[in-house]
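Here's the structure we're looking at; comments come further down.
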Amino acid sequence: MLKVAITGNIAAGKSEVEKLIAQAGYTVFDTDKMAHEILGNVDRKKLGDIVFRDNEAKKKLEAYIHPIIKSKLEEIFKQNIDVVFVSVPLLFETDFYKLFDKTLLVMCDDNIRLNRLIKRNNFTKEEALLRMNAQIPQEEKIKKADFIIENNSSLSVLETDVKAFLKNLV
């Protein structure tokens, strides 16, 4: 099994890349969705307001969630699948990168990401920047990623780039 992590900073376009990879017939899992299932009906906006302003609260939350997600990933990796993709937003912020054979970084200019966050999540500029600044800068992640897709253009360009990535990978 080839284990490929999809990562990228908030609002870079990971979800779109996940959809395109799934449409190409590959199995794709999302650790964000796993985390939401673990937390149940928690108000994510309120939780985000707490953990992005209080580093101790963030550490406690991650100490609870990350081992459960890691266990779920280990179960996924026991399946008989040739290539599995897993979206892991905090791949390089955690030790999750050690679980994967290859990494794909989805990148997008910071100003585009900021505008997407404000529009998509109805965040204030401050709320959006708090979330953006909580992650390792994209420039540092470039050094660690095996593959990079830039998502600064149209969906059709993204589709072409994802197809090229899949062709190079497999």
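What follows is calculated from the coordinates using simple rules that are stated; it is not laboratory data. Every value quoted in this text rests on a predicted model; they were computed, and no experiment measured them. Here the Cβ positions follow ideal geometry from the backbone for every residue, glycine too, while neighbour counts run over all protein chains shown.
Count the net charge of all other residues whose Cβ sits under 14 Å from the Cβ of THR31, scoring Lys and Arg as +1 and Asp and Glu as -1. Spelling it out: positives minus negatives among the neighbours equals -4.
Our summary gives the chain a relative contact order of 39 percent, counting only alpha carbon pairs under 8 angstrom and 6 or more residues apart. Projected label points at ASN41 and ILE142, each 7 Å from Cα along the beta carbon direction, are separated by 4.6 nanometres. Here region 19-170 is treated with +1 on each Lys and Arg Cβ and -1 on each Asp and Glu Cβ, and its dipole about the Cα centre works out to around 220 debye.
Across region 140-157, computed HN-Hα scalar couplings (Karplus, 6.51 cos²θ - 1.76 cosθ + 1.60, θ = phi - 60°) run 6, 5, 4, 5, 9, 7, 7, 9, 9, 10, 8, 10, 9, 10, 8, 5, 5, 5 Hz from first to last residue, x flagging Gly and Pro. For LYS125, the lysines whose Cα falls under 17 Å of its own Cα, not counting residues fewer than eight places away in the same chain, are LYS45, LYS46. Put simply, the amide H of GLU150, placed in the peptide plane, has neighbours under 5 Å in MET107, leaving out anything fewer than 5 places away on its chain.
Among the listed options (1) 16.2, 51; (2) 15.8, 45; (3) 14.9, 43, the one matching Rg and Dmax of the Cα atoms in Å as calculated from these coordinates is (2).
Between ILE68 and PHE29, the contour length at 0.36 nm per residue exceeds the Cα-Cα span by 12.6 nm.
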